[in-house]
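J.: This is the structure I have questions about; it appears just below.
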Amino acid sequence: MSMDAQVETKQTVKSTKGDEVVIELAGVNKWYGEFHVLKDVNLSVHQGEKIVICGPSGSGKSTLIRCINRLEEHQGGDIIVNGVTLDNNLKNIDAIRSDVGMVFQSFNLFPHLTVLENCTLAPIWVKQTPKAEAEELAMEYLERVKIPEQANKYPGQLSGGQQQRVAIARSLCMNPQIMLFDEPTSALDPEMISEVLDVMVELAESGMTMLVVTHEMGFAKRVADRVIFMDYGEIVEQNTPEEFFTNPRSDRTKLFLSQILAH
Amino acid sequence: MTNLDASSSEVVFKPKPSLPPPPNTVGAIGWVRKNLFSSPLNAFLTILSLYVIWVIVSNTFEWAIVNAVWEANSRRECLDKVGLSGACWAGVSHWMKNFIYGRYPDEEVWRVNLGFGTLILWMLPFWLPRVTSKIAIGASAILISPFLLGYLFAGGEKGLFLQVMISIAITSFIFSWAHTLLSMATGKSLWAAIVQASGFSAKPEATHKYPVFAACLVVFAVAFAWQSSWDITSQSTNLWGGLFVTLVISGIGIAVSLPAGIVLALGRRSKMPVIRVFCVSFIELFRSVPLITVLFMAVTMVPLFLPEAINPVKIVQAIIAVCIFSSAYMAETVRGGLQAIPKGQYEAAQALGLSYWKMMTLIVMPQALKLMIPNIVGSFIGLLKDTTLVSIVGLYDLLLMLKAVSQNPQWNGIHTEPLVFGAALYFVLCFVMSKYSQHLERTLGAGQAGR
């Protein structure tokens, strides 16, 4: 990987989006015990940009986005989100978490609460929104993910695709500026993947800043402004989707693409 | 039969209709065949078991009902009538008051009844439909009622602090019930009703608390004036006994051990080393010592280290020992529940920006406690039965009271009947708790399929 290539592509991307950098990762390092999982990762994400992160399992892509809202602690380098530096200061962590929503591979809905309560919990208890207002907002987002009729059911009564859409609505209820998706469709049955991707495409079109870890290359081609390929804890290559898929630069990327696009 | 409709150009799939299962596999006959007579050996065992059950039941019935003596003035009378072939229930009914209240004076027993009646009435809204703020009512009952009940049971002089606490207890009891009746009848809360009645509803929301405070103060003042006229005699705790003492000790043990256990369990998982080390040492120390030892330490050793002016009350020492011991056990029960909650629940709560305490109280604890209901109620049942150990340090709990009867010259040697009665009483108490826990599990689990 050449640094020049990276800088060059970044600039071409920048021209299409707002200039404001909302996430800045500079020289981020992280270890799990002895295992060096993130190696000197640098990344700037601009307002409204959609980034798809792919790479083989164990390459550190999930860890990378989990560092951004402090579900994992990084041990070296700086992470700056919306001008706030992520450190041990709880106030900074809270400020960043209120700006950043996250959707998990395993949904992680709260099983003891109804769909509506899942969506209103954080607005009521974190932002002190009055209950009626929070419910109105929640219904608005549940309509946006197309399941308002399930509002009074419990998560366990819904299908996987419905649960994941509730999880997206739950995050949106906090009005985040940035959404992180950690393999949102990997735990779904094939016929449910598209209903979740449809919601994500719609969200992307509304101008949300999105970081998506996924192997859905069709989604990447359709909405991504930039595709990042990671391996061994490093960003190997990043480029626009057209360039990335038609003209990959590194041999590692070529091998990965040939493996996942072979069938 | 074909599943394909050939006349249409499109292939239409029609599922076959469901047929009923073969006879003899369902219903009562099917059940008996499958479970009792599935093989010659099983048939033999079934018949043998039925015979054993018949022998036991018929003999017990004869002893306990047919040959039993219901009225007598001494054990001798019973023995003269039926010998040992029938139960002498007269011995139980004659001592019934002592089994329940110990040596509490007869003319003062109403205080114990009033105390427990008040507590039950205070907790009642918790089980009524359409009542809001149930947690606040339940918490007020558990936190504030001990002052009122303690005074009713012990009586005597009351200091200013106790007077204030008793008045607070009366105030919150009245407000709990006013709120309960109001919310059952109209669905409104007492708070809203007071605000509306005082004409504050048009004023900004921040001022709404003033009329509510005023109402509290008025009721408090009336309660204070009322209770200062109370004059009830002092009853030494040495007179307390029987089921009364058993319920006091185990009730306080239950009420303290759950919150204390939750705090200890959270402390054990804390990232702060001082808190963690303290909680781990507390839990491991008291879990590795038998309850009898803790009781002995509390009742005989601790007073040696206290100045002579402080003369601790034995039942209080026993209660503290029981609370400490059961909290340590409860902490491990709760920790088991906490560990069963998937990491994703914590992560989702954190990602939404919930603080540690909000995450624990809103997300983790409700799920963990629900999972833990069988174990928690198991601990409660264990605690209720373990309180029989306080008889070792000389408190006349139910068991010691049951045994003491046989020392009476008139009833010398009557062991079986009081103990059978005690066993039945313990069984009823424990069985009710167990059934209630199953009911709780069902109602709390309703609508949450897939977990």
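J.: Would you mind checking the pairs A:Lys91/A:Lys153; A:Lys131/A:Lys153; A:Lys153/B:Lys370; B:Lys134/B:Lys314 and listing those with alpha carbons more than 27 angstrom apart?
T.: With Cα atoms farther than 27 Å apart: A:Lys91/A:Lys153; B:Lys134/B:Lys314.
J.: Another one. Please compute, for peptide A:110-116, the average count of beta-carbon atoms on other protein chains lying within 10 Å of each residue's beta-carbon. Provide the component values of the computation, followed by the final result.
T.: Working: counts 9, 10, 11, 5, 2, 0, 0.
Per-residue shielding by partner chains comes out at 5.
J.: Further question on the same structure: May I ask you to give the solvent-accessible area per residue for chain A, in square angstrom, as obtained with a 1.4 angstrom probe?
T.: Details: 11160 Å² over 263 residues.
Normalised by residue count, the accessible surface of chain A is 42 Å².
J.: Okay, next question. What is the Cα convex hull volume of the range B:91-145 when expressed per residue in Å³?
T.: Values: hull volume 5.4 nm³, N = 55.
Given the Cα convex hull of the range B:91-145, per-residue volume reads 98 Å³.
J.: What span do the alpha-carbon atoms of the range B:373-451 cover on each of the three principal axes, reported in whole Å from largest to smallest?
T.: 63, 24, 11
J.: Give a residue-ordered list of calculated ³J(HN,Hα) values for the range B:138-145 (Karplus: 6.51 cos²θ - 1.76 cosθ + 1.60, θ = phi - 60°; whole Hz; x for Gly, Pro).
T.: Along the range B:138-145, the couplings run x, 5, 5, 4, 6, 7, 9, 4 Hz.
J.: Please list 3J(HN,Hα) in residue order for the range B:364-369, calculated via the Karplus relation 6.51 cos²θ - 1.76 cosθ + 1.60 where θ = phi - 60°; whole Hz, with x for glycine and proline.
T.: So the J values, rounded to whole Hz, are 7, 4, x, 6, 5, 5.
J.: So how much accessible area does B:Glu71 have, in Å² to the nearest 10, using a 1.4 Å probe?
T.: 150
J.: On to the next question. Under the definition of partner shielding as Cβ atoms of other protein chains within 10 Å of a residue Cβ, what is the mean value for peptide B:342-348? Please list the in-between numbers first.
T.: Values: counts 3, 3, 6, 5, 2, 9, 14.
That works out to 6 on average.
J.: Could you name the lysines whose alpha carbon sits less than 29 Å from that of A:Lys254, not counting residues in the same chain fewer than 8 places away?
T.: Excluding near neighbours in sequence, the set is A:Lys10, A:Lys14, A:Lys17, A:Lys30, A:Lys39, A:Lys50, A:Lys61, A:Lys221.
J.: Here's something else I'd like to know. Taking amide H positions as placed in the peptide plane 1.01 Å from N, state which residues far from A:Gly76 in sequence (5 or more) or on other chains have amide H under 5 Å from it.
T.: A:Asn29
J.: Rounded to the nearest 20 Debye, what is the dipole magnitude of chain B about its Cα centre when Lys and Arg each give +1 and Asp and Glu each give -1 at the C-beta?
T.: On the way: 31 positive and 20 negative charges, 268 e Å.
Computed about the Cα centre, the dipole is about 1280 debye.
J.: Considering only DSSP beta bridges with both partners in the protein assembly as shown, what is the antiparallel share in %, to the nearest 5?
T.: 55
J.: What figure in square angstrom, to the nearest 10, would you give for the accessible area of B:Arg269 with a 1.4 Å probe?
T.: Looks like 90 Å² after rounding.
J.: From the C-alpha gyration tensor of the range B:99-446, pull out the three semi-axes of the equivalent ellipsoid (sqrt of 5λ each), sorted largest to smallest, in whole Å.
T.: On the way: eigenvalues 255, 180, 88 Å².
For the range B:99-446, the ellipsoid semi-axes come out as 36, 30, 21 Å.
J.: By the 4.7 Å beta carbon criterion, which cysteine residues of chain B come out unpaired?
T.: Result for chain B is B:Cys216, B:Cys279, B:Cys323, B:Cys430, no neighbouring Cys Cβ within the cutoff.
J.: Which value, in debye to the nearest 20, describes the size of the charge dipole of the range B:68-172 about its Cα centre when Lys and Arg Cβ atoms bear +1, Asp and Glu Cβ atoms bear -1, and nothing else is charged?
T.: Details: 9 positive and 7 negative charges, 65 e Å.
Around 320 debye, computed over the range B:68-172.
J.: Separate question: Can you list the HN-Hα couplings for the range B:303-314, worked out from phi with the Karplus curve (6.51, -1.76, 1.60; θ = phi - 60°), rounded to whole Hz and with x for Gly and Pro?
T.: Residue by residue, the range B:303-314 yields x, 5, 8, 8, x, 5, 4, 7, 10, x, 8, 4 Hz.
J.: Which one, A:Gln75, B:Ile392, B:Gln407, is farthest towards the positive end of the dipole of the protein assembly as shown when Lys and Arg carry +1 and Asp and Glu -1 on their Cβ?
T.: The listed residue farthest towards the positive side: B:Gln407.
J.: Calculate, for B:Gln196 and A:Asn92, the FRET efficiency according to 1/(1 + (r/R0)^6) with r their C-beta to C-beta distance and R0 45 Å; round to the nearest 0.05. Show your work: numbers first, answer last.
T.: Numbers: r = 44 Å, r/R0 = 0.98.
Efficiency computed from Cβ-Cβ geometry: 0.55.
J.: Taking all protein chains in place and a 1.4 Å probe, what share, in percent, of the accessible surface of the range B:99-446 do carbon and sulfur account for? Mind dumping the intermediate values first?
T.: Details: 12470 of 17440 Å².
Within the range B:99-446, the accessible surface is 72 percent carbon and sulfur.
J.: Starting from the amide H of A:Asp231, placed 1.01 Å from N in the peptide plane, find each other amide H under 5 Å away whose residue is 5 or more places distant or on another chain.
T.: A:Val236
J.: Would you be so kind as to identify which of B:Ile310, A:Leu203, B:Asn73 lies farthest towards the positive end of the dipole of the protein assembly as shown, taking Lys and Arg as +1 and Asp and Glu as -1 on Cβ and the Cα centre as origin?
T.: Result: B:Asn73.
J.: Calculate, in whole percent, how much of the Cα-Cα pair population of the protein assembly as shown lies beyond 52 Å.
T.: The share of Cα pairs beyond 52 Å in the protein assembly as shown comes to 35 percent.
J.: At q = 0.09, 0.14, 0.15 Å⁻¹, what log₁₀ I(q)/I(0) does chain A have when each alpha carbon counts as one equal point scatterer in the Debye sum?
T.: Per q value, in the given order, log10 I(q)/I(0) is -0.40, -0.98, -1.12.
J.: Amide H of A:Val212 versus every other amide H placed in the peptide plane: which residues, excluding those fewer than 5 positions away on the same chain, fall under 5 Å?
T.: For A:Val212, the qualifying residues are A:Ile51, A:Val52, A:Ile53, A:Phe181.
J.: Follow-up question, since we're still on this one. Name the residues of the range B:352-367, by number, that are at least 20 Å² less accessible with every protein chain in place than in the isolated chain; the surface is that of heavy atoms, probe 1.4 Å, without ligands or nucleic acids.
T.: Flagged in the range B:352-367: B:Leu352, B:Gly353, B:Leu354, B:Lys358, B:Leu362, B:Ile363, B:Gln367.
J.: Within chain A, what whole-number % of the accessible surface is contributed by carbon and sulfur, with the 1.4 Å probe and all protein chains included in the calculation?
T.: Numbers: 5370 of 11160 Å².
Ligands and nucleic acids excluded, carbon and sulfur give 48 percent.
J.: Could you compute how much accessible surface B:Arg268 exposes when probed at 1.4 Å, giving the result in Å² to the nearest 10?
T.: That residue has around 50 Å² of solvent-accessible surface.
J.: Treat every Asp and Glu Cβ in the protein assembly as shown as -1 and every Lys and Arg Cβ as +1, leave all other atoms uncharged, and give the resulting dipole magnitude about the Cα centre to the nearest 20 debye. Write out the running numbers ahead of the final one.
T.: Details: 55 positive and 57 negative charges, 350 e Å.
I would put it at about 1680 debye.
J.: Using the heavy atoms of the protein chains alone and a 1.4 angstrom probe, what is the accessible area of chain B per residue in square angstrom? Each step should come with its number before you reach the end.
T.: On the way: 25610 Å² over 451 residues.
Counting only protein heavy atoms, the per-residue value for chain B is 57 Å².
The values are calculated or read from the model by the stated rules, or taken from the named source; none is laboratory data. Nothing here was measured: the structure is a model prediction, and the numbers come from that model. Virtual Cβ from ideal backbone geometry, glycine too; neighbours counted across all protein chains shown. Ligands, DNA and RNA are stripped out before the accessible areas are found, and what is left, the full protein with its side chains, is counted by its heavy atoms. Shrake-Rupley method; radii C 1.70, N 1.55, O 1.52, S 1.80 Å.
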